[in-house]
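One structure is given below, encoded as structure tokens.
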Amino acid sequence: MKKQTQHSHVSGSDVAATKPRVGVLMGGIGPEREISLKTGDAIATALEARGHRVVRIDVDRRLDETLRKTPIDVAFLALHGTYGEDGCVQGMLETMGIPYTGSGVLASALAMDKAMSKRVFEREALPTPHWMALEAGVPGSAIDTKLLGGYPLVVKPNAQGSTVGLSIVKHPSELQPAIAKASEFDSLVLVEQFIEGRELTVPVIGDEAFPIVEIEPKSGFYDYASKYTKGASAYTCPAKLDKELARHVRELAVESSQVLGCRGVTRVDFRLTEDDEPYILEVNTLPGMTPTSLVPMAAAAKGLTYDQLVGRILDLAVADSRARKTVGQRA
């Protein structure tokens, strides 16, 4: 007699019930709020298309209350910059026992703090432009610009994203105003050697470097306006690089993410000199994820749709949470 198989049909609603309930954390209280809202809405839409139960959460200073009233299985972080990318929200989620996408508390804080991440890069012999940090209010005359290769220089807040508060200083008279501008966003200002050359960025998903994106801003530098103004920059993916050079840049991207302790998805920004020497600028632990952002662009070059990319990032977070829980139980 043929054995009957029970539950041979699973309805769409049953399938959805087996998937984790995802809270997409977006917005926030930092200067990158508007971009974060766009990122979050795109991610939420993609997750819904994949059958997930999704809760859109606009992050404010009452986030802990919101999360207690709105139970979720995992948080998908769509936050950028201060109070979102710097370990603050990650620490809250750790305390509440909620798994989340992206890097942990320490790695998030290290990557956001450019001076600290540069110290790690230098300790690990990874190439990064020469730099120095100034307390806000310290005059530019205190800087020996010769140690940084002379002008032009890059001046930016130590812990901001999306080039907020950044200036390219081409003349000594521009230095003090640039420091004052950066000081509006942070108590520590980074003054950095300007590297002439090409602008590259490399997404890293898990431990895998995705295709390299070359950025050609029409203004000559990839500032906030060049990032978020339609038509202000041209992009090539995969970047047209020698095969061995491309391999080297991708390896540096993975290594720079690893030495900071990052996980999930990162995006590593580079400058490439005319002599094909790559310099690591920074590691972004919560890179932009609108459908037209650079990480989805690289994923598309690899054959992944936007929805598939979002799904992979979520899967990494769930797998990492299970692995850490297993280790904890063994301990």
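Things worth noting here:
- Looking across the range 93-106, the residues that are touching a strand residue (DSSP E or B) at 6+ places or on another chain (Cβ under 9 Å) and either hydrophobic (A, V, I, L, M, F, W, C) or over 26 Å from Gly165 (Cα atoms) (or both) come down to Leu93, Glu94, Ile98, Pro99, Tyr100, Thr101.
- A residue that is open to solvent by less than 60 Å² (accessible area, probe 1.4 Å) and outside any helix (DSSP H, G or I) can be found somewhere in the range 238-255.
Every residue, every condition in (1) out of contact with any helix residue (DSSP H, G or I) (no Cβ under 8 Å at 6 or more places or on another chain); (2) outside any helix (DSSP H, G or I); (3) more than 20 Å from Thr285 (Cβ to Cβ), yes or no:
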residue: Met132; (1), (2), (3): no, yes, yes
residue: Tyr151; (1), (2), (3): no, yes, yes
residue: Gln160; (1), (2), (3): yes, yes, no
residue: Val164; (1), (2), (3): no, yes, no
residue: Pro177; (1), (2), (3): yes, no, yes
residue: Asp186; (1), (2), (3): yes, yes, no
residue: Glu192; (1), (2), (3): no, yes, no
residue: Glu196; (1), (2), (3): yes, yes, yes
residue: Leu200; (1), (2), (3): no, yes, no
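- Criterion applied to Leu25, Leu47 was being in a helix (DSSP H, G or I), at pLDDT 95 or above, surrounded by 16 or more Cβ atoms within 10 Å (Cβ to Cβ) and not polar (S, T, N, Q), and the one residue passing it is Leu47.
- When Ile195 is tested against the conditions (1) without any contact (Cβ under 8 Å) to a residue 40 or more places away in the chain; (2) open to solvent by 10 Å² or more (accessible area, probe 1.4 Å), the lone failure is (1).
- Filter result for the condition that a residue is closer than 20 Å to Gly261 by Cβ and in contact (Cβ under 8 Å) with a residue 12 or more places away in the chain, over Asp113, Asp60: Asp113
- Test: residue in the range 212-220 that is at pLDDT 95 or above, open to solvent by less than 30 Å² (accessible area, probe 1.4 Å) and either assigned to a loop (DSSP other than H, G, I, E, B) or farther than 30 Å from Thr236 by Cα (or both): yes
- Which listed residue, of Ala142, Ala178, is small (Gly, Ala, Ser) and either within 19 Å of Arg119 (Cα to Cα) or open to solvent by less than 10 Å² (accessible area, probe 1.4 Å) (or both): Ala178
- So Thr326, is it part of a loop (DSSP other than H, G, I, E, B) and at pLDDT below 95: no
The values are calculated or read from the model by the stated rules, or taken from the named source; none is laboratory data. Note that this is a predicted model, so its numbers are computed, not measured. Note: ideal-geometry Cβ built from the backbone for every residue, glycine included; neighbour counts use all protein chains shown. For accessibility, only protein heavy atoms count, side chains too; no ligands or nucleic acids. Shrake-Rupley method; radii C 1.70, N 1.55, O 1.52, S 1.80 Å.
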